[in-house]
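First the structure, in the form of structure tokens, and then the observations on it.
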Amino acid sequence: MAEEPERQETQEERELAEFRSIMEEPETYEEGLTWVGVVGAIFIGFIMMPASIYLGLVAGQTMGPAAVWVTIILFTEIAKRAFVKLRRQEVYMLYYIAGGLTSMVGAAALSGGPFAQLIWNQYLACSPASASFAKDIPRWVTPPYNSPAILQRTFFHADWMPAIWILLIREVLSRINWFGLGYALFRVTCDIERLTFPMAPVAAQGAMALAETTGKEETWRWRVFSFSTMLGIVFGVIYVALPAISNLVLVRPIALLPIPWIDFTAAAERWFPATPLGIGTSLQSVVVGMVLPFWVVMGTTVSALGSVVINPVLYHFHLLHQWQPGMDTVYTTFANGLDFYISFGIGTGLSIALIGLGRMAMTWRQTRVSARRALPAGRGDISMWLALTLYLVTTVLSMWLCKWLVPEFPTWALVFFGLIWTPLNSYINARMLGVTGQFVPLPFVREATFILSGYKGVAIWFAPIPFANYGAYAQSFREVQLTGTKFTSVIKAEILMMFLLFGCSLLFWSYIWKLNPIPHVSYPYAQKFWEFTALQQAFWISSTRENSTAFKQAISMPIITSGVGAGLGVYFLFTLLRWPVLSIYGFIRGLGQIPHFFVPEFIGALLGRYYFARKYGTETWRRYTPVVAAGFACGMGLSAMVSIAAALIFQSLSELPF
């Protein structure tokens, strides 16, 4: 038998090599979902989820890192007092489940599982913003405004059955769908392309550090984690707790650091028109800059600084014509995106996909045998063909369901979403995560396709179209691998979470909705922002009922083509001159984005490379940074949770008549 040719490393892989030693590949893999995970999931579902729902309605925030780390710390402390040692696999599954059960979706700060979407749908259908098309909203979205189910504020009514059945089918299909494509992307980007996913060790190292505390072998991980947690607590008190608590007793809260940034856009518009300028104020961005590859951060910094020069030039030549003097950062970025950066970002994103596909084609012959034979034993892998089949079958079922619900919508658009755009966009973002640790979603593709398809109606905006971005799941599988957890644990956890999510979501949203209508004066965030969010959504929904030209103008093929050419040209130039290729990914990451957070990232990258790496040694510092990031997030989460609890208690007492 002929020997397989030795695989040659690319320049990109050589630049990423230093990050492969941050965490050793585990030698063995174990099940992570044990009785600890089951009890933890029940605790999160019945304790953390209602708090997350309430917090979203009151303050527009999710429990987020607070729920994750508080749950883990609580269970590790219980384990220590019960003389039980928690394995890192068990701790990581707690992390995984807590994040899944308390996540937030959408600008309306919806948390608390799938029934949150039904709460939003019924509000949208009854809001003044939807008056022109409310009668056209299908019954499988929400009952009509005069239904007893709406008037009595209850899900336990026959009028809700079509919407609940569609919600259940959608939930099951989406979980199988992401598992299939997410696993396939992990195999391609991690096992074949050998990308490092620099942010993946953060969660893995945090889980390992906390697992060590339940045994007797505490190592450097726990020392670094505890120190960075205290740093996060101190900064969290200044950044989060002080404004939250002072707001309870003062007319205006005390904010030593403006949240989330200091905005110079309007002040500097005379010299830098159409240019968002400012600086982020969170120390979290500095920590992220220490974790990400140095040349990725440098590329992003160049992109941010380049916008200071490029945007005024584009404005001078009337390519950024929607910007108006007086606009702040958010409106400036939005206007610039419509004029130029949406199309250019699509082009550069496609160049990343073409680069990745080209590299796969060139290296497939060298890697296909090793990719098939060298899978770690006991990791719980499944066949790539099975994973892709799961994705294909669930995608086709979603397309059929969507076509059944909205027969007027063109089939070609569903095929484009499910079989072209979702795999391509997911692969682009998986590669960006594998190289830079972060991804930048391409905005308004769904909206633009709806408008350009020629469809007239409103039902498609609520239909379960096969449109998703599963790139982040490639990193999730990498995290699971680094902790030595079998992939079968993920399947079990998802099944457990699905039942808990549906049951707890129905229980707690029914209870909260029954107490008061939503929005209500008792829920300040929902009372203030849901109407604005409904107006925004109604604007898009109305775009397929009337003549809309905004996005037809925003999608420019010449600009898209120039983006593809620029991305490919710069990549091959850097490769030819042996300049850092990773900086290209960083540059693309920063295009058209709000640049304020990139300034503290740049500071963190410089501190990490030229101070801490020299002080502790490059290899040691590389091992420290993921643990520092995990500990800092834990400390910030704890500060946020304590301050929010104090605020909620104070507000509850203020409502009492004594």
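Bear in mind these aren't lab numbers, they're just calculated from the coordinates by the rules spelled out. What you see is a predicted model; the values in this text were computed from it and never measured. Cβ: placed from backbone, ideal geometry, glycine included. Neighbour counts: every protein chain shown.
Here are a few things to note about the model shown:
- Prolate/oblate/rounded call for the stretch 269-340, Cα gyration tensor, a/c under 1.5 rounded: prolate
- Whole-Hz ³J(HN,Hα) from phi, Karplus 6.51 cos²θ - 1.76 cosθ + 1.60, for the stretch 397-402, glycine and proline x: 5, 5, 4, 5, 4, 5
- Segment residue 620-residue 499, extension gain: residue separation times 0.36 nm, minus the distance between their alpha carbons: 39.3 nm
- Packing, taken as the mean count of other beta carbons within 10 Å per residue, orders the peptides 233-239, 625-631 from highest to lowest as 625-631, 233-239.
- Listed values for the stretch 338-349 are Karplus-derived 3J(HN,Hα) couplings in whole Hz (6.51 cos²θ - 1.76 cosθ + 1.60, θ = phi - 60°), namely 4, 7, 9, 6, 4, 5, 5, x, 4, x, 5, x, and x replaces Gly and Pro.
- Sequence of 147, 307 once ranked by neighbouring C-beta atoms within 10 Å, starting from the fewest: 147, 307
- Gained length - residue 38 relative to residue 159, 0.36 nm times residue gap less alpha-carbon distance: 40.2 nm
- With 30 Å as the limit, the listed pairs 135/514; 456/492; 80/486; 492/514; 85/486 have 456/492; 492/514 beyond it between alpha carbons.
- Peptides 386-395, 285-294 ordered by packing proxy, namely the average of other Cβ atoms within 10 Å per residue, highest first: 285-294, 386-395.
- Amide H contacts under 5 Å for residue 30: 485, 486, restricted to partners 5 or more places along the chain or on a different chain, H placed in the peptide plane at 1.01 Å from N.
- Evaluating 6.51 cos²θ - 1.76 cosθ + 1.60 at θ = phi - 60° for every residue in the stretch 159-170, the Karplus couplings come out as 5, 8, 4, x, 5, 5, 5, 4, 4, 5, 4, 4 Hz, glycine and proline recorded as x.
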